[in-house]
């Protein structure tokens, strides 16, 4: 007997044939999908009626800084350097408890908007992991490693990064995995990056970094190393299929070819890139080169949302506007970026990203009986162009129901809101006091 | 005694000083605002507790084609001409009842996402007006006038446009106003446009048109008249403060100066423009020239949403990305575009667009107690960058409560969804049958 049966929904499998069942069911047992089909007649402990709902793989947010949810809306509409210079002094005051609470709030927002797995890079990651464990989400977490010409800082952050991998990889029944998180090629020396690369190899984990986010970054790298970012990273043998690379905006054709050849996994962050005016990533070009580009929200401080549905619409529209081509990035492809490509990016394509027998049961149900989702002609179009996170009705991760009819079962929503407001107020008061 | 008292909310007045009351109330009597302030102690028939909520002027969608909500998601990800060639045969089959139902669905979506007033251009407008009257919204409606080198079509649509103005202007206690709706300079001859201009003068109403949406349009006009669209329209004396001009994308500096000088009211439609890959309007440049640019969603067939909150985020981010300047269009300015500038665009700045004594009571309340709106540091930032239409809790138009705690009081939501789905299915079946 199945543990959970999601019954009679409009099932978007995202399997290799991209099968869509206008009426189908998904059976779950021991955290895994045991059946997907039209005539799944199993009995189950919990039967969830999915009529009038779309059933799809949980969305995967492949790049964020979850604890920064605590800083949502603190700084907007500023040039990037001014923005950073305002954020950094606040970040300096962040405590482990702040990062835990920020992550908890982020988890709550992700559950309520249909994200079941995310990749994060920040600090106090043991505390972030604790929040993820409580929330019931799946995550690939990394401790940010940053050098900034300070060997001591490099050593501290590498040590903490290694400790985090040793402590937390495989936590929470395997829901929590880890990576190493070297910040970027302009903040980490080649020596630092290669140390990290070796460590990642030693522990068989990935590497989460930022590449070519701004023109200034490209200029810096060229000035220092005589090469563009991707070329530089390739020349020191840093690149490989285990590298998760946020942004990837300022790429030449040759750099796209390197990314493809080395199997690097770029993450597109359209909202953050637009908001910070960093540029537009060559997403259609990368996809055309066979690169499985995934999608991320970046941190809520530069978005200011973790809603992957909104992110999908921005992604689809930004490439169209940028290329002056209305077919530059179709809805179907964007949904792939937010599901199966996210799984590939995190090296989890055998476990998540589609609704297939044997995969982990990470499933989202979207309630389509809403004025802004009517009439229903084309489900994929509605998911990408009309739906918002608030339309998600039910969320299952690792076979466990985290939200049902918008009620979150793992976290106390009111308490999280109260505690994070207090923590945020205290944090900003500390900044004021330090002035 | 007031009819309605909205009590103790975070009030964003959008008055000339842009006052924000962290705790304030709004009293309503006879459809108008009779008090706004910290110590409004009036008794009222209905008291709405606004604690934890933001109270702001109802959003104004300054350009849409409401009945096209029936076609949401029917055609996406196509080149513009192919898109039009797919939409047109479907539109040919639209009945008065289809347009009524499409408009009803659009009204429902607008109420549920905090839009209280909109400007529309389409056909079967008497039926659209009926839907607006039932829904309780405010609207400025126009019958599309189109010529396409067909004098008969010109005469029919002008006649219908005039009949519509005569019949419907001032309907529903003045909630429904009208304009003339010549489609565009590339689909209407100068003779047609000037006939319309005279009629608009005769009836003292505005003119709702499309200007410079695509490069192809500009090329066509240059080829035909030897001038760019705005120059052409200026040379025939068509332009003036009563002209509501959707899109205004392909403008030269000189054309922006003409728009400013003639008092033309441009409407920015970022989502539709991105989705159809038409280009990016020079919004910061127009605002810098003192032009009160407003905001619209365009029709749901090319958006695919009527959510003005989402539209605000797209507007703020698109200009930043386009100009590679993170301060190109700040949140505060975008909120002005969606409220007071919308009122100015429709010639209703004395009646709506801000919460001030003597203005019509068109008010929206947003529930801020949501994970994606937490923590609360900056209300304006949250409204533009984090909120979605679904966060709207209560909507008041003309002093009447249309929605309370997300329950729509004027329309039967379930019935509208059922009837529009059926109408849409029938419509597409008629297209299939005609093939």
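Please treat every number below as a calculation from the coordinates, not as lab data. This is a predicted model, so every value here is computed, not measured. All Cβ positions, glycine included, derive from the backbone under ideal geometry; neighbour counts span all protein chains shown.
Quick notes on this structure:
- A simple spin-label model places pseudo-atoms 7 Å from Cα toward Cβ; at residue A:222 and residue A:41 they are separated by 6.7 nm.
- In nm, spacing of pseudo-spin labels at residue A:194 and residue B:434 (7 Å Cα→C-beta vector): 6.9
- Once the C-beta distance of residue A:288 and residue A:93 is scaled by a Förster radius of 41 Å, the resulting FRET efficiency is 0.35 to the nearest 0.05.
- Estimated at 0.36 nm per residue, the fully extended path between residue B:215 and residue B:325 surpasses their Cα-Cα distance by 37.2 nm.
- Column: log10 I(q)/I(0), Debye, Cα scatterers of region B:348-415, q = 0.14, 0.18, 0.20, 0.27 Å⁻¹: -0.54, -0.81, -0.92, -1.10
- Mean residue ellipticity, 222 nm, helices only, chain B: the sum of -39500 (n - 2.57) across DSSP H runs of n ≥ 4, divided by residue count and rounded to 500, is -11500 deg cm²/dmol.
- Reducing region A:258-294 and region A:345-372 to their Cα centroids gives an inter-centroid distance of 22 Å.
- Helix A:190-203 and the longest principal axis of the C-alpha atoms of chain A enclose an angle of approximately 40°.
- Restricted to Cα atoms, region A:1-130 shows a radius of gyration and a Dmax of 20.0, 59 angstrom.
- Converting the Cα gyration tensor eigenvalues of chain B into ellipsoid dimensions via √(5λ) gives semi-axes, longest first, of 33, 24, 21 Å.
- Folded to 0 to 90 degrees: helix A:125-135 orientation relative to chain A principal axis, Cα: 10
- Computed over region B:128-238, the range of Cα coordinates on each principal axis works out to 46, 25, 22 Å, biggest value leading.
- Along its three principal directions, the equivalent ellipsoid of region B:103-167 from the Cα gyration tensor extends over semi-axes of 27, 11, 8 Å, largest first.
- P(r) of the protein assembly as shown over all Cα-Cα pairs, binned every 20 Å from zero, in whole percent: 16, 48, 31, 5, 0
- Taking every alpha-carbon pair under 8 Å whose residues sit at least 6 apart, chain A reaches a relative contact order of 21 percent.
- Inter-label distance for residue A:159 and residue B:20, nm, one decimal - labels placed 7 Å from Cα along Cα-to-Cβ: 4.4
- Between 0 and 90°, nearest 10: helix A:215-225 axis offset from chain A longest Cα axis: 50
- As a length-normalised measure over Cα pairs under 8 Å and 6 or more apart, the relative contact order of region B:294-351 settles at 34 percent.
- Region A:268-352: C-alpha gyration tensor shape, a/c 1.5 cut-off, then a/b vs b/c: oblate
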